[in-house]
Each structure stands twice: as C-alpha cells, then as structure tokens.
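The structure appears below as structure tokens.
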Number of protein chains: 2
Amino acid sequence: MVHVAGGRLLRTQGVTAPAGFRGAGIAAGIKKSGKSDLALVLNEGPDLAAAGVFTLNKVKAAPVLWSQQVLTTGKLRAVVLNSGGANACTGAGGFQDAHKTAEEVASALSNWGTETGAIEVAVCSTGLIGDRLPMDKLIPGVTEVVHELAGGISGGTDAAYAIMTTDTVPKQASLHHANKWNVGGMAKGAGMLAPALATMLCVVTTDAVATAEQLDTALRAATHLSFDRLDVDGATSTNDTVLLLASGASGVTPTQDELNAAVFAVCDDLADQLMADAEGVTKRVKVTVRGAASESDALIGARTIARDSLVKTALFGSDPNWGRVLAAVGIAPIELDPDRISVSFNGSPVCIDGVGAPGAREVDLSGIDIELDIDLGIGNESVSIRTTDLSHAYVEENSAYSS
Amino acid sequence: MVHVAGGRLLRTQGVTAPAGFRGAGIAAGIKKSGKSDLALVLNEGPDLAAAGVFTLNKVKAAPVLWSQQVLTTGKLRAVVLNSGGANACTGAGGFQDAHKTAEEVASALSNWGTETGAIEVAVCSTGLIGDRLPMDKLIPGVTEVVHELAGGISGGTDAAYAIMTTDTVPKQASLHHANKWNVGGMAKGAGMLAPALATMLCVVTTDAVATAEQLDTALRAATHLSFDRLDVDGATSTNDTVLLLASGASGVTPTQDELNAAVFAVCDDLADQLMADAEGVTKRVKVTVRGAASESDALIGARTIARDSLVKTALFGSDPNWGRVLAAVGIAPIELDPDRISVSFNGSPVCIDGVGAPGAREVDLSGIDIELDIDLGIGNESVSIRTTDLSHAYVEENSAYSS
C-alpha cells in the first residue's frame, strides 16, 4: 500500500472497490483450456456516466467499433469482456456477434432486475485475431455471468481473472481517497502491447460524482501519461480499450484535478503491473529521455530506444552495450546533437557527450530493474517509457501462440 | 550463375572481378579472435572516379565522417576497411584515428609505388560501438596489407573475409557484361541491419568508364531499391557505407541505363546474401505490399510488417498467424481501408477483404522461404522488403555480443 493522489493505493481490489459496482467472472467455454473467460462489470448507479479511449490501430476489432458507438452517449450500465478470442478481422458477422452479446447482456440484466438497453453495454474482447467467437458458448455464458454478479470486492477479482490471456497474474488497483470516494481498475495485456491511447483491455470505476465530460478529461490525461508510455513490443492491438465508469454512489464530487490525479494513479499502477507481467519479461526497464527540445521529441526518442531489438536483447543479456542506445536514438526523427548525448545505466554514466565513459563496460545490469537515462543535452523536456527486454521466452511464447 | 542486366552474375568473385582493382585482407590483431580483420581495395586506374552513400543515422561513426569528406572530391584511390571495432562514439580522438589510418594507407601505397594522398583514401569500420581502435595493431597492419595486395580475384575474396563480423560467410557478387566491362562488389552485415541509404559496409567496383556523377546516379538508384529494402531488425547502423569505384580499365563507356542496371544487379544480389546470412535467420522472408495508394505507402507498410516482432516470431514458429499481419499494417501511418485488405502466405489466401479465408490456419510455412503478400486494394503501387524471422538464435547472438 502506498499513499498517492490524496489516498491509499491497493492492489488487492479492482473495479468493485468503489461503491455502486458489481463484478463477475466465469468459465463459459470460450477458451479451450476451460479457464475463466467471461467477465461482467455492472454499474448500479445512481449515475451511469462513462468515457472511453480506444486503439489507434486502423484495423479495429468488432467490439471496439461497437463500444465506440455506445460511448457517444456518455453513459454505460455494464461492460462485458471475454478472453479466448479477439473478434477482430471477422467482418460484418463479427460485428453482429458483438451487438448480439450486448443485447443478451441487456436482456439478462433486465431479467435480473436491472433495466438495461443494449446501447448501455460496452463489449471488449481479447485473444486470437481472425476467428469468430463461439456464440453457442458465449450466449449461455452471459446469462450465467449475470447470475454470478456478486456484491463486495470478490466479484471484481473474478472479473480480473476472466480477462487474462497470456497474463500470468490478474492486474487490479484501487485508490481510496481521504475524502471518502474511490477509484478502482483492472487491466489485462502481456503481448501486442504498445497501447496507442489505451491498453489492451482496462476497466476503471469510480464512485465519485462526475459528468461524462469530466471522466473523459480525466481518462485521456491519465492514459496519455500511463498506458501510452508503455511499449513492450511496438505492436498496437486491434482491441485496445480503456473504459471509465462513474456510479456517483459515494455522493462526493471531487474537483477535476483530484479526479485526474486519482484516475492517473490507478492507470499508472496498472501500467506498471502490465510491464512486470509482459510476455517473456526478465527485466523491467524504464527508458528516460531528458534534455530534449520538446516533449514530443523526448517521447519519440524514448519509444525508439524502447523498441530497439538490439537494445532489448542486450538488456536480456545484462550487457551494458550503450553503443546500441546511441545507434537507436540516432535514427529517431528528432532534434539531436550526437556530441551532446550522455547516457547512464542504473545511475552509472556510460557515455558522456557522445563518448564512452571510463568503466562503462563494467556497469552491473544483472538485476531485474534497469533504468536507462539518456540526456540529449539540448532542452528541458523529459519523458519516460516503460518497457521490457527481448528474451528467449518472448520468442518462445510468440512463436507458438495460435498453433 | 544467372543472366541479368546484359551479363552473367557470379558469386565467386567480388571487388577484384573488374579490371584495374587489387584487393587484400589480413589478420592485423584488431580482433581478439585472431581472425582476418583488415581489408584494402586499390583502384589502379586509369580513372579514379567514385561515389558513396552513407548511413542516415544522426550518430555517425568517425570513418563515415571522414569518408563523406573524402568523397566530396568524387575520387578514390583506395578503401581501407577494418572489422573488430566500429570507431563510433569515440569523439575527436576517434576521428583522428580514422584520419591517421588514411594517411598511413596513402604513405604505404606511395612507398609501394602508387602515389596516393590521404584525401584519396576512404575508411570503413565495423564492430562494437564505443571503443577506440587499437592503433598499435592497425598501423603496422596497414603496411602489411599493402604488401599483400594481390593481382587477380583472390585478393578480393581475402578482402571480403576480412570485413566479416557476425557474418558466417563472405558476400561477393560480380556482373560480367556482354560488352566486356564488369561490376564487382563485396558486403558485410548480419545485424543492426536496416540500412538507410546504404548497408553496413559495401564496396562496389567497375572497370567501366564513368564520371563521379554517373556513378553517384547509378549507386543511389541501386541502393534505393536493394539495401534500402532490406530490414532485418529495424536497427540502422552508425557505420553504414556503400562505395562505388570506377577504374575505366575496360575502356568501355556504358550508357547510364546499362551502368544503373549492372550496379543494381550486384547490389541486389549482395542484399539477398545479407538477408540469407542475417543474425539468427531461420526464414528468408519477402514482404510485398501491393495495391497501395503510393510507393511510399507501400514501402512504409511493408517495412512496418517486416519489423513487427509478433509477425517475426510467428514466422519463426511457421505459424500462419495472419491476424498479426493485419494488426501490424493497421498501425502503419498510411492510407488503408481495413475492409479491403487481402493477405496471402506463399501464394495461399489467408485473409480476403479483411476477413479470414477458409483454411487460413492450415497454410504450410515450414519451409525456409516465406512470401507475405498484402494487397491493400486501393491503388497500384507495390514494394517488396527482404527480412527474416525473429528466432532464439537472434536473441542468443545479440544478448552476448559485447561481453
């Protein structure tokens, strides 16, 4: 537990930490392994305000197209999420499947006593791209998951388990504000993980009173500085979705700044958990580019280094091969002067003004956490990117995913 | 042997295939392994015309800065190349080392009977970035390599061996034109291999009569379509250099078109050899994007797919995971319509108009050569990129390079 953003941050609770939310997760048979694969998050209100950000990939999955449409109302009653299939590149039939799923959730919730329209239900999917979902499993699963909707925090944890694919652990975080309101969230994502305005799948909830516009502001600010600065493998998913739902159940109306800080704290912690559990990870790496002429230059520079296969394999080998960092940043389309670049690894200078520092080859990178600090020496802007190394396990996991 | 560009193409000869050139390669002790590490290519004229293209990396090695300066004269007597050290990120001292090397070559050649100035000597280096070259080994090596300058083709082969780093085979090609003039070339490069206007190191020679301007035109056209379309790991070296030297010794003056075609044929064949020997390669992959709105869109699309870690690991696993190809092209900053993209693997359709084709998961990719064909369906432009898979061997080789 840490104190941040005016409250306490926990990892034992997620979307059901705030008042007004229920969650559930079940094994509906979508995954051949029989593992949990269908999650539901329900907002019991009194408010139904919501906001969302989605993948910038031009190839968008059917559930993304559906949820973008739904979010234009600024209102969400529920989010249904499945693992075991991305429902991407599935054509008109795939979109009908997403729509049908929302209708079934709405109908099951209405039967359960919570009047709901399909237009109030966001849909998220994750898994292999290109196959239709097994609707014969999913539709009965929807009825079942509604019946499992539990009060209390356990339902949120069940939901967090049900959205995992190659994740090895569920990711949850909650922020309990001193002023008696809360933010909670869950996320999944271990590969195809270079979110562009969102991460793989993430649902954030709050019992604060806030309008859809305030939620949108808070969510965009938070994802810009958290998920957007996570880059495991340079690959942006077709299904990236982050949703923020507010129940207003605390009766507390935080200021926009308080809301921003709390939503960011939860998103940032979830981004950290995503990095730590990324496919094949053996090193948790923070790449900071400072002294840049602009924030955009710092971001592009840090991202270019974070994506460089030669830098990432060197880190896997605990090899302080700083020349690869110079070569990587040198191809970034940013303003730089090669003779003013300085680099340090874990705080030890390895390159000063473009030339190797004494002892650079002896810097110890054998630990799990590595900080690469690149000072361009020409400005005042700084950006950090979270990434990982490129390991045998990454190759192994990704060479045998669909088969 | 193949017939191409009005002549015969061989891989048994390189830079000394054209008349007027001598070559040599020796072990000067720069590499700790004791392997061959110093090469010299001499143009005996009568002409000394030359052109060069260099890395676009903003972090340029000292020998690149030196050779760029030298090439402003449009004239080269000799090229000295060392493996065992890149002389990059070595500051003013490193530049002095490159200059000193050129001076030593000029002096040794003058003593040997060929009057030469340092300004007529290009310098190329390859190896680990960040360390100064062992000049106490290199300088005596220069005298020795001049004494080894052999007539005939064997000197060229010795030179091709001396520039290898993680290459497992030397790369040579020669084009013997029906009109009695020739082009020869050698290249090295196995990693940090996404040439931007050049490849790691490449020297091309011809005994045609041509001006520096004609050579420059031919070389830029050739590299644009050969080395620039090779992308093994997205990493552009600090040392990329391609030089073209003409001796005029054949007495034949080809047309610009003939010269272009012959230089391209040699460069294209060398690019093919570089792909086939890339670090960790288990698959030789050609990614073609066709039906693009512009050539630039086709190039960016093909390169984005060729660099995608998830596509490359799937290919390593012989996994026809076409969804990853869609996800990759979807993040390329190009014009596309997700519902018009069709993909085939080795000629078998796997995705038609953005939706999976029947039998897509059963396409056999177990062979060494794989062709990915992506039709955007919105225009007429097409570009192919050579790349490789991302294998355990790539990770292994690059996680233990400098240590």
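The values are calculated or read from the model by the stated rules, or taken from the named source; none is laboratory data. Quantities reported herein were computed from a predicted structural model and do not represent experimental measurements. We place every Cβ from the backbone using ideal geometry, glycine too, and count neighbours over all the protein chains shown.
Return yes when B:Ser250 is at pLDDT 95 or above, surrounded by fewer than 21 Cβ atoms within 10 Å (Cβ to Cβ) and not basic (Lys, Arg) and no when it is not.
On the way: at pLDDT 95 or above: no; surrounded by fewer than 21 Cβ atoms within 10 Å (Cβ to Cβ): yes; not basic (Lys, Arg): yes.
Criteria not met by B:Ser250.
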Note to self: Can you report the number of residues in region A:44-70 which are within 14 Å of chain B (Cβ to nearest Cβ) and among the charged types (D, E, K, R)?
What the structure shows: 2
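Which of the following residues is within 14 Å of another protein chain (Cβ to nearest Cβ) and in contact (Cβ under 8 Å) with a residue 40 or more places away in the chain: A:Val325, A:Val263?
Numbers: A:Val263 fails: within 14 Å of another protein chain (Cβ to nearest Cβ).
Unique residue meeting the criteria: A:Val325.
For region B:130-146, which positions are of a type outside the set (Val, Ile, Thr) and without any contact (Cβ under 8 Å) to a residue 60 or more places away in the chain? Let's see the steps before the verdict.
Looking only at region B:130-146, we keep the residues that are of a type outside the set (Val, Ile, Thr), and these are B:130-138, B:140-141, B:144.
Scanning region B:130-146 gives B:Gly130, B:Asp131, B:Arg132, B:Met135, B:Asp136.
Given the structure, is A:Glu120 touching a strand residue (DSSP E or B) at 6+ places or on another chain (Cβ under 8 Å), at pLDDT 90 or above and acidic (Asp, Glu)?
Numbers: touching a strand residue (DSSP E or B) at 6+ places or on another chain (Cβ under 8 Å): yes; at pLDDT 90 or above: yes; acidic (Asp, Glu): yes.
For A:Glu120, the condition - touching a strand residue (DSSP E or B) at 6+ places or on another chain (Cβ under 8 Å), at pLDDT 90 or above and acidic (Asp, Glu) - is met.
What strands (runs of 3 or more DSSP E), lying completely within region A:1-49, carry at least 1 residues that are surrounded by 17 or more Cβ atoms within 10 Å (Cβ to Cβ)?
It comes to A:7-10, A:21-26, A:38-43.
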Checklist line | Test for A:Val383: is it modelled with pLDDT under 95, under 25 Å from A:Asp272 (Cβ atoms) and away from chain B (no Cβ under 11 Å) | finding: yes
Next item on the list: Quick one: count up the residues across region A:71-104 that are at pLDDT 95 or above, assigned to a helix (DSSP H, G or I) and more than 14 Å from chain B (Cβ to nearest Cβ).
Entry: 7
Note to self: For region B:220-246, which positions are over 12 Å from the mean Cα position of the chain (by Cα) and not hydroxyl-bearing (Ser, Thr, Tyr)?
What the structure shows: B:Arg220, B:Ala221, B:Asp233, B:Gly234, B:Ala235, B:Leu244, B:Leu245, B:Ala246
Next item on the list: Output the number of the condition that A:Ser83 fails; it satisfies all remaining conditions of (1) in contact with a helix residue (DSSP H, G or I) (Cβ under 7 Å, 6 or more places away or on another chain); (2) more than 25 Å from A:Gly189 (Cβ to Cβ); (3) not basic (Lys, Arg).
Entry: (2)
Margin query: What's the number of the only condition in (1) closer than 14 Å to B:Val121 by Cβ; (2) touching a Cys at 6+ places or on another chain (Cβ under 9 Å); (3) of a type in the set (A, V, I, L, M) that B:Val59 fails to meet?
Written below: (1)
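How about region B:213-256: which of its residues are away from chain A (no Cβ under 14 Å) and small (Gly, Ala, Ser)?
If we filter region B:213-256 for residues that are away from chain A (no Cβ under 14 Å), which is where we start, we get B:213-227, B:229-230, B:241-256.
Correct list: B:Ala218, B:Ala221, B:Ala222, B:Ser226, B:Ala246, B:Ser247, B:Gly248, B:Ala249, B:Ser250, B:Gly251.
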Notebook entry, point to check: Looking at region A:362-378, which of the residues that are within 13 Å of chain B (Cβ to nearest Cβ) and out of contact with any helix residue (DSSP H, G or I) (no Cβ under 9 Å at 6 or more places or on another chain) is nearest to B:Arg132 (Cα to Cα)?
Noted result: A:Glu362
Next item on the list: Answer yes if at least one residue in region A:295-315 is on the phi > 0 side of the Ramachandran plot and out of contact with any strand residue (DSSP E or B) (no Cβ under 6 Å at 6 or more places or on another chain), and no otherwise.
Entry: no
Notebook entry, point to check: With (1) in contact with a strand residue (DSSP E or B) (Cβ under 8 Å, 6 or more places away or on another chain); (2) away from chain A (no Cβ under 14 Å); (3) of a type in the set (Val, Ile, Thr) as the list, and B:Thr126 as the residue in question, which single condition is left unmet?
Noted result: (2)
